[in-house]
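Here the structure comes first, spelled out in structure tokens, and everything after it is commentary.
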Amino acid sequence: NNMASSATLRLSVIQRHLSSQRREEVSGDGQGGVGVEERCGGARRGCEGVVWAATGGGERQDGQGSDNNPLPSLPRRRQEVLKWNGWGYKDSQFVVHKEKDYYVSFTGNRYKIGNLVLPHFANWVRETLGVNFDDCTPPQPPPQPQHFPQPTIQQDFLDEIQTLGITHSLEGEDRLFRAHGHTLAEIFTLREGMFPRIPDLVVWPKNHSEVEKLVDLACRCQTALIPFGGGTSVSGALLCPEEESRMIVSLDTSQMCRILWLDEKNLTARIEAGIIGQDLEKQLHVRGYTTGHEPDSYEFSSLGGWVATRASGMKKNIYGNIEDLVVQVKVVTPVGTVERYTAGPRLSAGPDVHHFILGSEGTLGVITEVTIKVRPLPIIQRYGSIAFPDFASGVSCMREVALHRCQPASIRLMDNEQFKFGHALKPPTGLLGLLTDGIKKVYITRIRGFDVNLMCVATLLFEGCEQEVTSQEKRLYAIALNNKGIPAGEANGERGYMLTFVIAYIRDLGFDYGIVAESFETSVPWDRVYTLCHNVKHRIKSECKAKGIQHTFVTCRVTQTYDAGACVYFYFAFNYRGLSDPVHVYEEIEGNARNEILGCGGSISHHHGVGKIRRQWMNQTFSEPSLGAIRAVKQYFDPDNIFANGNLL
């Protein structure tokens, strides 16, 4: 059985790791015959633990990958499998049907919710957001070739990349796909209009050397470069500045997607930065390893993008955020390649150059390679959930769990609105399921006295060996009991984890029926978590009422916990029928919500980054000398503003 075989694999990996037997060194031909010892970095004389080196990868001309590095899950022309004007895969979406009444289903089989009818969701949408399913506004069709903005061409640049043999495209579809991320404003523009400026050219370098050539060429030809990873940005980071008069080139890193080597002794791997999360994990899992880094976007976002935005993952409690996982970074800038030669676990040698790159959001250069920590796959993965009578009790429990540092891999607290939203997405259940649900409801509401309009739920994910997981469960459920919480079952935890990946698809359905929706996040000290959640939701509802918006949905969840605070995620949607400019209205409301966040002691972002939409709050985040230092770093690395995406400042 699959569970048994995967557990056996994980155990064998751990045993192999603990073994003192010297591992045989491997050489790969993926770097033109360069051996593993030479590639591992100048500070390491040998790489005894390296058991896997690159032999290929990317989209080769023969259309084949290699055993060590298979073809990417997403083709170079991503619009072949991904939506051009929405989130995710073309074959995966929420769809409204009408028989006697309206109902909603989710298409495709990529997710557990796929090909299932969701009998409660249509009613929830009608009651909460006032949707009239007879009033549908579909998006505009894909643009015709003549409707794309005409490209600005720097002929010397174009001639030389043709001479160098670097893959490139002037096609409107390729340019448009890389002109945006996934903010509300960007997707609304795709559905209703066109961006005034999109990249003039797309290039796909295959390795670090080709990136060096492209950056050097851009400097000589005075061409602007915007690095592109997975395109999942929600900060406006990929938008082309309208005032840029130079040719803008989108440098797509997706073909730099190999794992160059894996070192089992030191539990590190050298990986090209264009690899997307799902491919990275698939390739590591085959060999019994994981990075453990799972942002909500990990199906589509890239390793380089994680570094460039200081990303955080759902399982950071065990594996850490991206800054905790990075060992080395290689970045091509206009003044040369930036890297730290030593691969030691810690360095005391002045300011860490990595922190110039982490969070730089494509303003300094192109991240080409990253050495990252890996871990053996956990032997056991178990879900759980806890029900609380109210949000305050849930926050108190989260604080106590963090205080005792006994967090499982993931622990996330949903407020009451999100709890009811999740319930609306439940598929139909048989008679036994109905009976079980009825018993649970009776127990929670009548015996325990919970109010379904106040209660909230925390979803849990435990990872480790049997002994570790059992011990964690016992300790965590005891803390929950002290905070009025009760275990609510494994199924709720697993569903909550799965919904993380499909919730982004709901916004596209909402657009069709006059609903705009967005998410935003912050980090905040523990003593202000509850107050911030309450005040921000109240501020949003008040702003909506003042603007005459009748139907709104505002919810939050506490998603990551730390010694000194937590990350809080907000979801906000409203019915925009009757409003002439819903995007502007939304941006005004979110701007005021962000002011409320800052007033309550929160940050401008925990992991989404600054991009362009949060630049205005940078002077409330850092002092002027601090901002001056950021400007000075930009001026040194990129004096001619080649990396001209306009992010951060």
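The values are calculated or read from the model by the stated rules, or taken from the named source; none is laboratory data. Please read these numbers as outputs of a predicted model, since none were measured by experiment. Cβ placement follows ideal geometry from the backbone for every residue including glycine, while neighbour counts extend to all protein chains displayed. Areas reflect the complete protein model, heavy atoms only, side chains present, ligands, DNA and RNA absent. Shrake-Rupley method; radii C 1.70, N 1.55, O 1.52, S 1.80 Å.
Go over the candidates SER603, SER580 one by one and state the one that is in a loop (DSSP other than H, G, I, E, B), open to solvent by 10 Å² or more (accessible area, probe 1.4 Å) and under 26 Å from GLY362 (Cα atoms). Please lay out each step first, then the result.
Numbers: SER580 fails: under 26 Å from GLY362 (Cα atoms).
It is SER603.
Might you check whether a residue that is of a type in the set (Lys, Arg) and either open to solvent by less than 10 Å² (accessible area, probe 1.4 Å) or in contact with a helix residue (DSSP H, G or I) (Cβ under 9 Å, 6 or more places away or on another chain) (or both) occurs anywhere in region 519-529?
Within region 519-529, not a single residue is of a type in the set (Lys, Arg) and either open to solvent by less than 10 Å² (accessible area, probe 1.4 Å) or in contact with a helix residue (DSSP H, G or I) (Cβ under 9 Å, 6 or more places away or on another chain) (or both).
Counting just the residues of region 556-577 that are of a type outside the set (Ser, Thr, Tyr) and in a loop (DSSP other than H, G, I, E, B), which one comes out surrounded by the fewest Cβ atoms within 10 Å (Cβ to Cβ)?
If we take residues in region 556-577 being of a type outside the set (Ser, Thr, Tyr) and in a loop (DSSP other than H, G, I, E, B), then ASP563 is surrounded by the fewest Cβ atoms within 10 Å (Cβ to Cβ).
For every residue, the table says whether it meets (1) under 24 Å from ILE226 (Cβ atoms); (2) in contact with a helix residue (DSSP H, G or I) (Cβ under 6 Å, 6 or more places away or on another chain); (3) at pLDDT below 95.
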{"residue": "ALA311", "(1), (2), (3)": "yes, yes, no"}
{"residue": "TYR319", "(1), (2), (3)": "no, no, no"}
{"residue": "GLU323", "(1), (2), (3)": "yes, no, no"}
{"residue": "VAL332", "(1), (2), (3)": "yes, yes, no"}
{"residue": "VAL338", "(1), (2), (3)": "yes, no, no"}
{"residue": "LEU347", "(1), (2), (3)": "no, no, yes"}
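Scanning region 346-365 for residues that are farther than 21 Å from ASN647 by Cβ and of a type in the set (A, V, I, L, M), which turns out farthest from the chain's Cα centre (by Cα)?
For region 346-365, the residue satisfying everything is ALA349.
Output yes when any residue across region 132-149 is closer than 30 Å to PHE419 by Cβ and touching a strand residue (DSSP E or B) at 6+ places or on another chain (Cβ under 6 Å), and no when none is.
Yes, region 132-149 contains at least one residue that is closer than 30 Å to PHE419 by Cβ and touching a strand residue (DSSP E or B) at 6+ places or on another chain (Cβ under 6 Å).
Does region 464-478 contain at least one residue that is touching an Asp or Glu at 6+ places or on another chain (Cβ under 6 Å), more than 25 Å from GLY292 (Cβ to Cβ) and outside any loop (DSSP other than H, G, I, E, B)? Walk me through it before giving the result.
At the first step, the residues of region 464-478 found to be touching an Asp or Glu at 6+ places or on another chain (Cβ under 6 Å) are none.
For region 464-478, residues touching an Asp or Glu at 6+ places or on another chain (Cβ under 6 Å), more than 25 Å from GLY292 (Cβ to Cβ) and outside any loop (DSSP other than H, G, I, E, B): absent.
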